[in-house]
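This report concerns only the one structure given below.
The values are calculated or read from the model by the stated rules, or taken from the named source; none is laboratory data. If you're wondering where the values come from, they're calculated on a predicted model, not measured in any experiment. FYI the Cβ positions are ideal-geometry reconstructions off the backbone, even for glycines, and counts take in every protein chain you see. Heads up: the accessible areas ignore ligands, DNA and RNA and are worked out on the full protein's heavy atoms, side chains in. Shrake-Rupley method; radii C 1.70, N 1.55, O 1.52, S 1.80 Å.
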Amino acid sequence: MDGILAGMLVAAPFGDAMLTGGDTTRSREGLVIDTMVIGAAPGGSYVTRDGAQDGDVLLVTGSPGDAGAGLHAQEHGHDAPELLRALHRPVPRIKEGAWLAGRAGVHSMIDVSDGLAQDGGHIASASGLGLEFSLNDMPVSEQLQRYCGEHGLDARRMALHSGDAYELALAVDAARANTLVAEFESAFDCTLTAVGTFSKSFDGIRLDGAPLDAGGFDHFRVKHGD
């Protein structure tokens with residue numbers, strides 16, 4: 001409990017948040033942690049997941065595969081401190097998200113918690129569009145490329161499917177995308193990469209023209225034996 005509280009106190013300042021209250025109870029079977037986050041959008045300005053338009057470009061911040069590789073390293077006992085830091089100490093893109101929400105041409109946005117393919121697919125589904133990814137365009141950090149090369153993993157597919165990244169994926173007017181990327185990367189120490197395109201000509205998700213299983217983490221997927 002001390003460790004959990006310490007982590008909350010470290011994370012809270014990133015969002016100007018205050019840790020308060022407490023519902024104390026007892027469990028006969030084990031530990032139960034129940035939290036609630038309450039907040040407001042500054043100035044009432046926010047972007048939902050259902051606003052993407054035909055022809056929009058899908059952009060993603062940072063390197064969405066690092067945390068997934070960190071999980072692989074943890075499960076296999078590999079030494080990869082930068083990737084483990086991405087997994088256990090993700091930096092919330094709160095300031096970046098607020099900045100992007102105020103920019104013209106940003107039609108939709110979501111955080112990448114369950115995998116870029118799956119969360120990008122949430123935007124597409126909510127907007128009534130299809131989404132095509134380009135595998136070669138997936139952003140890959142140096143540490144991710146090195147780790148995947150050492151352990152026989154596909155870095156770009158790791159970036160496409162692994163979760164716990166907490167990067168931002170956003171649908172942007174194609175005519176404004178290049179300008180937005182340049183302005184964003186000038187304002188923040190973070191990359192913004194075009195990885196896909198939304199279209200009304202097909203449903204679902206594609207990867208370089210072929211249908212794609214979104215993969216990622218599904219909280220409600222029933223596994224055999226569950």
*Do we have Glu150 as of a type in the set (D, E, K, R), open to solvent by 20 Å² or more (accessible area, probe 1.4 Å), out of contact with any helix residue (DSSP H, G or I) (no Cβ under 8 Å at 6 or more places or on another chain) and not in a strand (DSSP E or B) here?*
yes
*Does the stretch 92-104 include one or more residues that are part of a loop (DSSP other than H, G, I, E, B), over 21 Å from Leu192 (Cβ atoms) and open to solvent by 80 Å² or more (accessible area, probe 1.4 Å)?*
no
_I need the full set of residues from the stretch 105-142 which are open to solvent by 50 Å² or more (accessible area, probe 1.4 Å), part of a strand (DSSP E or B) and either touching a Lys or Arg at 6+ places or on another chain (Cβ under 7 Å) or under 11 Å from Ile205 (Cβ atoms) (or both), in order please._
Glu132
*When the stretch 23-76 is examined, which residues are found to be more than 20 Å from Ser162 (Cβ to Cβ), outside any loop (DSSP other than H, G, I, E, B) and either open to solvent by less than 20 Å² (accessible area, probe 1.4 Å) or touching a strand residue (DSSP E or B) at 6+ places or on another chain (Cβ under 6 Å) (or both)?*
Val57
*Out of Glu167, Glu183, report the one residue that is out of contact with any Leu (no Cβ under 6 Å at 6 or more places or on another chain), open to solvent by 20 Å² or more (accessible area, probe 1.4 Å) and among the charged types (D, E, K, R).*
Glu183
